[in-house]
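Just below is one structure, and these are the notes that go with it.
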Amino acid sequence: MSARRTIIAGNWKMNKTRQEAKGLVGEIVKGLSAIKNLPEIVLCPPFTSLTEAAEAKGQAAVEIGAQNMDWRDSGAYTGEISPLMLVDLGIKYVVIGHSERRQYFGETNQTVNEKVKAALKHNLVPIVCVGETLDERENELTDPVVSRQIAAGLADLSDEDVKKIVVAYEPVWAIGTGKVCEATEANRVCAVIRKTVANLKGCAAVAPVVPILYGGSVNPKNIEEQMAQEDIDGSLVGGASLKADEFLAIITAAAKRPRLSAAKS
Ligand code: PGA
């Protein structure tokens with residue numbers, strides 16, 4: 001069965017005060033009523049606006065996610081936020097291993113693995129990010145790099161756990177640069193990722209249902225072509241998720257994805 005969920009997630013990064021977050025969530029929710037066949041929508045504001053975002057969405061079919069977390073439940077880890085604290089806020093999703101976390105905050109495939117395991121233990125859905133740098137792409141290392149990130153980041157998970165995760169393929173050189181990865185190439189790498197998931201111990205049967213998103217300069221102009229690809233199940237959107245009209249246009253394009261109704265049935 002190849003039907004998979006379609007997910008559009010907005011990664012706000014370090015943007016928006018509480019008041020601004022409230023306004024943006026309100027605008028997005030208002031726009032959703034005009035869209036039929038909604039995909040799953042996840043908004044990931046900064047920690048400080050999680051509560052405002054959850055309140056502002058009300059009963060709308062939108063989930064709230066965090067952009068990061070520690071893997072430990074509590075303790076002397078100044079500045080960190082634990083999975084228990086996210087659960088306490090009613091959060092459902094958490095982005096893990098975003099390339100900016102890997103690049104600026106020393107995250108590794110091992111810390112990603114700890115965080116993925118902690119998220120699953122607390123019933124949070126991890127959106128696990130992988131992707132190659134420009135240098136790695138130019139040296140034809142894209143496939144081995146993403147395969148290693150997947151194999152190490154998802155190490156020691158049961159098939160039941162792997163079934164619950166979401167993966168985001170985000171080529172580092174395409175993030176925030178306006179240089180989008182060609183849809184067919186993004187699709188090819190997403191298929192490589194799916195194959196790597198299938199090769200994890202006991203995961204051959206669950207790999208076909210794991211949603212794999214593309215991220216990196218997604219906008220209303222390029223989303224349609226991405227959504228037409230077999231192995232791209234949605235988007236992790238940065239810059240364009242900060243503008244309600246652009247994010248709504250992306251959701252509208254995803255709502256037309258042919259497999260959506262099949263995935264729901
Ligand atoms: P971008 O960011 O859409 O601004 O390129 C994507 C991301 O970092 O998740």
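The values are calculated or read from the model by the stated rules, or taken from the named source; none is laboratory data. None of the values given here were measured: they were computed from a predicted structure. Ideal geometry is used to build each Cβ from the backbone, glycine not excepted, and the neighbour counts take in all protein chains shown.
Things worth noting here:
- Going through (1) within 16 Å of the ligand (Cβ to nearest atom); (2) over 17 Å from the mean Cα position of the chain (by Cα); (3) farther than 18 Å from residue 175 by Cα one by one, residue 144 falls short only on (1).
- Near pairs, Cβ below 6 angstrom, 6+ apart or cross-chain, from segment 23-46 (of a type in the set (Asp, Glu)) to any residue that is in a strand (DSSP E or B) and buried (at least 18 other Cβ atoms within 10 Å of the Cβ): 40/7
- Which numbered condition residue 209 fails, given (1) within 15 Å of the ligand (Cβ to nearest atom); (2) in contact with a Ser or Thr (Cβ under 9 Å, 6 or more places away or on another chain): (1)
- Count - residues of segment 160-177 that are within 16 Å of the ligand (Cβ to nearest atom) and either outside any helix (DSSP H, G or I) or at pLDDT below 95 (or both): 9
- Search result, residues across segment 147-159 that are in a helix (DSSP H, G or I) and either of a type outside the set (Ser, Thr, Tyr) or within 16 Å of the ligand (Cβ to nearest atom) (or both): 148, 149, 150, 151, 152, 153, 159
- Segment 162-183 residues that are closer than 18 Å to residue 40 by Cβ, paired with ones that are of a type in the set (Val, Ile, Thr) and within 11 Å of the ligand (Cβ to nearest atom) (beta carbon under 6 Å, 6 or more apart): 166/127; 168/127
- Residues satisfying the stated conditions in segment 212-260, i.e. in contact with an Asp or Glu (Cβ under 6 Å, 6 or more places away or on another chain) and either more than 10 Å from the ligand (Cβ to nearest atom) or at positive phi (or both): 212, 216, 220, 244, 253
- Cβ pairs under 9 Å, 6+ apart, first in segment 78-98 and of a type in the set (Ser, Thr, Tyr), second in a helix (DSSP H, G or I): 82/118; 93/119
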